[in-house]
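Asker: One structure follows; several queries about it will come next.
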Amino acid sequence: MSDTTSKLQQIRHYLGVGALAALVIGIAPTAMARDGLSILNAKCKSCHLPDDKTPLTADKKLVRISDQRKTPEGWLANIGRMQVMWGVKITDQDRRDLVKYLADKQGLAPSETEGFRYAMERRLNTTSENFEPLFAEMCARCHSGARFALQRKPAEEWSRLVHFHLGRFPSLEYQMMGRDRDWFGIALKEVVPALAKAYPLESQAWSDWQKQRPAANTLAGEWSFSGHLPGKGDVAGVMTVKNTENDQFKVEVKGQYADGGAFNGEGSAVLYNGYEWRGNIKMGNDTLRQVFAAVNGEMRGRMFDKTHDERGLDFAAAQKGAAPRLLAVQPGYIKAGQEAEVSIIGSGLTGAPSFGNGVQVVAVVAQTPERLTVRVKAAADAADGLRAVSVGSISGGSLAVFKNVAEVKVVPAFSVARIGGNGGATPKMEGRFDAEGWGQGADGKPFRIGVFPAKWSVEPFNDQAKEDQDLKFAGVMDAASGIFTPGDAGPNPARKMSTNNTGNLKVVANVNAAGQALKGEAQLIVTVQRWNNPPLP
Ligand code: HEC
Ligand code: HEC
């Protein structure tokens with residue numbers, strides 16, 4: 001293999017496709033899998049010197065590596081960066097084993113990932129609102145806030161990370177939000193102490209988690225699940241999990257969408273650090289990745305197409321035999337004065353269902369411990385608002401009751417789709433939308449009713465977009481599903497200055513909510529391909 005080929009391969013791994021896939025594909029360890037310590041010894045120790053000259057042991061520290069904790073994706077991105085920036089040569093198998101070793105030994109407690117799981121779940125339209133302005137301006141302007149909020153280090157390490165940034169990317173001082181301030185000074189004097197305080201190496205949560213971390217085989221068994229895929233609808237079913245060896249699993253998913261479509265597949269998964277569940281499920285021609293947190297008899301996260309991470313569903317599952325749980329009510333709303341069939345999804349669902357004031361159970365249609373389907377009737381004078389739903393002594397979900405839909409919100413309100421294809425290696429990245437109906441409760445407060453079918457279209461967002469004919473070039477909206485397919489990649493001679501098929505569009509949802517005609521709007525930026533696509537955005 002020539003140097004160029006191997007370099008290209010490394011970059012491919014680093015940039016995403018290869019790297020992401022490597023994390024889960026072919027996860028079954030070979031008989032020759034090396035333990036993490038020997039890999040550190042062979043691949044990392046040459047540059048990252050141990051704290052003394054005697055042989056490496058598990059409790060010995062390697063400079064820059066040992067005083068760090070991060071997620072599996074964080075370690076993968078880090079090692080990928082070592083390959084690209086420092087020419088580290090490591091096989092995919094060794095890298096997988098090393099990521100596993102480091103993520104287990106130097107990981108995060110479940111509570112330490114809260115609020116930032118969006119990055120691992122690849123919800124790339126997330127905007128870091130409410131993030132501390134110091135971090136947002138100084139750090140979360142080139143990459144996500146999650147990239148560092150999912151790391152734990154002492155002040156000295158945070159400080160070295162700042163030095164690495166300026167040394168490696170000196171132009172950051174001339175960029176916006178760099179040239180208007182003493183970036184390096186503020187980073188060292190203010191940001192480093194703030195990071196060390198917010199994200200310290202030692203924490204109670206981490207020492208507690210290491211003591212209580214459950215064994216992998218406690219996850220074996222059946223899991224009742226519910227989910228929602230924008231552009232398609234609600235889904236529910238059962239996932240069967242077999243613990244094959246160590247932290248490896250065989251997984252079978254059997255479910256159904258609300259419209260009757262099948263949601264079936266088989267695959268495998270790995271458990272990192274006692275709760276970070278990463279699966280690969282083959283469904284027809286697609287492979288769906290599972291990124292879940294498995295804690296206390298529950299799995300929560302997202303399942304998404306491996307080559308199209310924008311095609312993904314929110315996922316929640318409850319383990320059969322663990323504490324009974326109510327996961328979802330599908331559909332989650334009913335109009336006052338009407339009768340409808342509603343399913344409650346969960347585990348251990350025994351006893352009588354209750355839907356609160358003004359909602360009466362007319363008949364139980366079917367009942368298993370995982371799914372209870374009933375006909376309910378909402379009184380004509382039932383007050384607008386959310387009802388707490390329970391089955392026997394289990395509560396958890398809610399049912400929205402409404403007379404009027406006050407407003408339709410298109411979600412996401414602001415998002416990005418990307419041109420692609422046209423012979424290039426990067427596929428188009430779609431826009432995917434839901435039309436959410438919101439009501440006004442008897443208390444005057446807005447409440448979310450749920451997702452309504454809509455007729456979808458796009459318009460130019462402003463005069464500039466109109467002048468540039470963005471509507472004609474940027475892509476096509478599917479009227480029924482709300483799925484937007486962007487235009488082809490590459491310069492287009494038909495456009496002003498042969499520019500790309502990018503655009504600034506308004507997404508419009510026309511909703512007919514049981515007799516009421518309403519309209520919701522959102523903004524969609526259609527832009528160029530994402531060239532740098534590391535495991536943590
Ligand atoms: C050829 C030398 C070299 C090898 C081999 C090497 N590294 Fe590094 N590593 C560096 C240098 C230089 C830095 C500091 C600058 C930087 O962060 O890029 C660094 C930084 C790091 C950091 C700190 C980054 C941070 O988050 O602040 C970690 C962690 C790390 N390396 C892990 C590894 C692991 C794991 C391996 C083995 C797979 C490895 N390195 C192999 C050169 C190397
Ligand atoms: C000028 C843009 C820019 C700014 C500002 C910036 N970063 Fe980065 N950061 C990068 C790039 C580029 C990388 C390298 C990885 C990559 O190519 O995605 C990186 C990597 C990282 C990594 C991963 C390191 C590893 O080896 O795993 C962390 C953590 C990080 N940055 C934290 C921060 C923090 C904290 C701040 C604020 C003090 C900050 N970044 C500010 C561009 C930036």
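Asker: If you line up the long axis of helix 3-15 against the longest principal axis of the chain, both from Cα atoms, how many degrees apart are they, to the nearest 10?
Answerer: So the inclination is approximately 40 degrees.
Asker: Sticking with this structure for a sec: Quick one: go through region 406-450 and flag any residue whose amide nitrogen is under 18 Å from the point 7 Å out along the Cα-to-Cβ line of residue 459.
Answerer: Label zone hits: 407-411, 413-415, 435-436.
Asker: Follow-up. Using 0.36 nm per residue, how much length does the chain from residue 254 to residue 52 gain when fully extended, once their Cα-Cα distance is taken away?
Answerer: 67.4 nm
Asker: Cα centroid distance between region 328-350 and region 410-451, in Å?
Answerer: First find each Cα centre; the distance between them is then 24 Å.
Asker: First measure r as the distance between the Cβ atoms of residue 63 and residue 215, then evaluate 1/(1 + (r/R0)^6) with R0 = 30 Å and state the FRET efficiency to the nearest 0.05.
Answerer: So, using R0 = 30 Å, E works out to roughly 0.35.
Asker: Ranked from the most accessible area to the least, with a 1.4 Å probe and all protein chains present, what is the order of 372, 229?
Answerer: From most accessible down to least: 229, 372.
Asker: Once you keep just the Cα pairs under 8 angstrom separated by 6 or more residues, what percentage relative contact order results for the chain?
Answerer: Dividing the mean separation by the residue count of the chain yields 11 percent.
Asker: Continuing with this model, one more query. Can you send over the solvent-accessible area of residue 495, 1.4 Å probe, protein chains only, in Å² to the nearest 10?
Answerer: Ignoring ligands and nucleic acids, residue 495 comes out at about 20 Å².
Asker: Can you compute the FRET efficiency between residue 375 and residue 164 using 1/(1 + (r/R0)^6), with r the Cβ-Cβ distance and R0 = 56 Å? Round to the nearest 0.05.
Answerer: After rounding to 0.05, the efficiency reads 0.35.
Asker: Run the numbers for residue 485 and residue 413: contour at 0.36 nm per residue of separation, minus the present Cα-Cα distance, in nm.
Answerer: Gain on extension, residue 485 to residue 413, equals 24.2 nm.
Asker: So, taking all protein chains as they sit and a 1.4 Å probe, how much accessible area belongs to residue 263, in Å² rounded to tens?
Answerer: Approximately 0 Å² of residue 263 is accessible to the 1.4 Å probe.
Asker: Take residue 341 and residue 496, extend 7 Å from each Cα along the Cα→Cβ direction, and tell me the distance between the two endpoints in nm.
Answerer: Between residue 341 and residue 496, the simple spin-label model gives 5.4 nm.
Asker: Further question on the same structure: Taking the Cα-to-Cβ direction at residue 295 and at residue 132 and moving 7 Å from each Cα, how far apart do the two end points lie in nm?
Answerer: 2.0
Asker: Give the accessible area for residue 61 in Å² (nearest 10); use a 1.4 Å probe, count only protein heavy atoms, and leave out ligands, DNA and RNA.
Answerer: In the full protein context, residue 61 sits at about 100 Å².
Asker: As a quick test, which of the pairs 409/472; 428/519; 105/197; 70/153; 60/89; 70/105 have an alpha carbon distance above 18 angstrom in this structure?
Answerer: Flagged as over cut-off: 409/472; 428/519; 105/197; 60/89.
Asker: I need the peptides 406-412, 482-488 ranked by packing, meaning the mean over residues of other C-beta atoms within 10 angstrom, with the highest value on top.
Answerer: 482-488, 406-412
Asker: May I ask you to derive the FRET efficiency for residue 246 and residue 38 from their Cβ-Cβ distance with R0 = 22 Å, giving the value to the nearest 0.05?
Answerer: Working from the Cβ atoms, E equals 0.85.
Asker: So between residue 383 and residue 105, what do we pick up on full extension, going 0.36 nm a residue minus the alpha carbon distance?
Answerer: Here the segment from residue 383 to residue 105 would lengthen by 94.8 nm.
Asker: Under a plain spin-label model, where a point goes 7 Å from the Cα along Cα-to-Cβ, how far apart in nm are residue 323 and residue 305?
Answerer: 3.8
Asker: Follow-up question, since we're still on this one. Could you sort the peptides 391-401, 99-109 by per-residue average Cβ neighbour count (10 Å cutoff), highest mean leading?
Answerer: 99-109, 391-401
Asker: Report ³J(HN,Hα) in whole Hz for each residue of region 146-157, in order, from the Karplus equation J = 6.51 cos²θ - 1.76 cosθ + 1.60 where θ = phi - 60°; Gly and Pro get x.
Answerer: 4, 4, 9, 5, 9, 10, 10, 8, x, 3, 4, 6
Asker: Percent of accessible area on the chain owned by carbon and sulfur, 1.4 Å probe?
Answerer: Working: 13210 of 24670 Å².
It is 54 percent, rounded to a whole number.
The values are calculated or read from the model by the stated rules, or taken from the named source; none is laboratory data. In this text the structure is predicted, and so the values were computed from the model without any measurement. Methodologically, a virtual Cβ is constructed for each residue, glycine included, from the backbone with ideal geometry; neighbour enumeration extends over all protein chains shown. These area figures cover heavy atoms from the full protein model, side chains too; ligands, DNA and RNA do not enter into them. Shrake-Rupley method; radii C 1.70, N 1.55, O 1.52, S 1.80 Å.
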